[in-house]
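The values are calculated or read from the model by the stated rules, or taken from the named source; none is laboratory data. On a predicted model such as this, the values are computed, not experimentally measured, just so you know. Please note: Cβ atoms are built from the backbone with ideal geometry, for glycine as well, and neighbour counts cover all protein chains shown. Areas reflect the complete protein model, heavy atoms only, side chains present, ligands, DNA and RNA absent. Shrake-Rupley method; radii C 1.70, N 1.55, O 1.52, S 1.80 Å.
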Amino acid sequence: MAKRDYYEVLGLSKGASADDIKKAYRKKAKELHPDRNADNPDSERQFKEAGEAYDVLKDPDKKAAYDRFGHAAFEGGMGGGGARPGGFGGGAGQGDFASAFSDVFDDLFGDFMGGGRGGGRQRAARGADLRYNLRVTLEEAYAGLQKTIKVPSAVPCDACEGSGAEGGAQPSTCPTCSGMGKVRAQQGFFTVERTCPTCGGLGQIIKNPCKSCQGQGRVQKDRALSVNIPAGVETGTRIRLAGEGEAGMRGGPSGDLYIFIEVAKHELFEREETNLFCRVPVSMTKAALGGDIEVPTIDGGRSRVKIPPGSQSGRQMRLRGKGMPALRGGAPGDMFIEMAVETPVNLTARQTELLREFEALSEDNSPESKSFFSSVRSFWDSMKS
Ligand SMILES: [Zn+2]
Ligand SMILES: [Zn+2]
């Protein structure tokens, strides 16, 4: 049996205020209480149904999820299966669709629409903006990529062509607000304007709601969306796909989809804007004698770098243009190789012998040590006097 719409259960319409919901539930609960309905065998079920509806609608988070996705908001899993990009699911409790959803998709209504809850007709009818968190590798950020993402989203209902009315009939003007979406009420000396409780601010009502979508004009469905991620994106890059967000209510315009990029840390390269840094260990002997080393580049290739004799740890060498591409055009960044001189370990007897011999022959081979220890000596002397 199809689940009844929670608003319908409580005799409310969408957009009812928290106060209205509370009042409606109290009234229903009294009316349907099994103690007063000994002769109505269905009253217990109805009583429970009203309780369940109230449980959802009294909670602002649950209500928001329900308003957007209907009952699907609380059914476990989002279907689809397979690889889930961007960290779907991730251990969210069964049946807790709303919280699983918010990991990846957040309602950006507040962020992008200037906040506030004031609902005019436009606001009520437009679909919500969606946020999709997409994690990419540094290599992908370098090359750009095309990604197919599954967007669990409300789409216009086919059965009623998004109108929300059974058989495609046109909704009629709301009699309570005459299509204004708002009603005025006198409260003491003040006239207050409220969202119309009958039509929830839409200005229209549906006499005969579509059975497929319970009059919402939209249904829950996964959509596959192919997205082009340009080369050069970085963590925090937002890509807006106009009109790819949630479908509007009853044929209203769709919201937008925002893709938030997060670039994963790389094992070899560190990024600073368009420049890349790579720390390369160099053996003590190579650093002393000089020579070539081969370093990786982010495009998967390799570059040969000349190490001058007597190079110290921390020495940087620049590979021009081997960094990341600039997202908005312009020259690509550079790659910096930072040398880390490695002292040899696990010496054999022969190696130890050679190094001892080398040490015995050393004179002016360590100018930095020499000047450091001469400073140290004068420091001690100054402390004595
Ligand atoms: Zn429909
Ligand atoms: Zn109205």
Discussion item. Give me the tail of P(r) for the range 287-385 as a percent: Cα-Cα pairs with distance above 15 Å.
Written reply: 76 percent
Worksheet item: What does a probe at L289 reach in the range 355-385, counting residues whose amide N is under 15 Å from the point 7 Å along Cα→Cβ?
Response: 355, 358
Fill in: Contact order normalised by residue count of the range 269-342, Cα under 8 Å, 6+ apart, percent
39 percent
Worksheet, complete the sentence: Between Q146 and N228, the two model label points (7 Å from Cα along the beta-carbon direction) sit apart by a distance in nm of 0.9 nm
Response to the item:
Looking only at lysines whose Cα falls under 27 Å of K147's and that sit 8 or more positions away or on another chain, we get K221, K265, K322
Item to complete: May I ask for the distance between the Cα centers of the range 131-171 and the range 187-239, given as a whole number of Å?
Response: 13 Å
Worksheet item: Could you give the Stokes-Einstein D for the range 238-344 in µm² per second, using the C-alpha Kirkwood radius, 4 °C, 1.567 mPa s?
Response: 77 µm²/s
Worksheet item: Relative contact order, percent, of the range 201-356 when contacts are C-alpha pairs under 8 Å separated by at least 6 residues?
Response: 18 percent
Worksheet item: Taking all protein chains as present, what is the carbon and sulfur share of the accessible area of the range 284-385, in % to the nearest whole number, probe 1.4 Å?
Response: 53 percent
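With every protein chain kept in place and ligands, DNA and RNA left out, what is the accessible area per residue of the range 177-221? Probe 1.4 Å, answer in Å².
For the range 177-221, the solvent-accessible area averages 61 Å² per residue.
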Discussion item. Nearest 5 percent is fine: what portion of the DSSP beta bridges confined to the range 269-342 is antiparallel?
Written reply: 60 percent
Worksheet item: Between E342 and residues 5 or more places away or on another chain, which pairs have amide H atoms under 5 Å apart, with H built 1.01 Å from N, and which residues are they?
Response: V282, S283, M284
Worksheet, complete the sentence: Between R304 and S17, the FRET efficiency computed from the C-beta separation at R0 = 56 Å comes out, to the nearest 0.05, as 0.20
Response to the item:
In Å², rounded to a whole number, the accessible area per residue of the range 269-342 with probe 1.4 Å is 58 Å²
Item to complete: Could you tell me what % of all Cα pairs in the range 252-303 have separations over 19 Å?
Response: 53 percent
Practice prompt. Mind ranking 368-374, 177-183 by how tightly packed they are, going by the mean number of other C-beta atoms within 10 angstrom, highest first?
Written response: 177-183, 368-374
Fill in: Mean separation of Cα contacts under 8 Å, 6 or more apart, over the residue count of the range 178-276: relative contact order %
17 percent
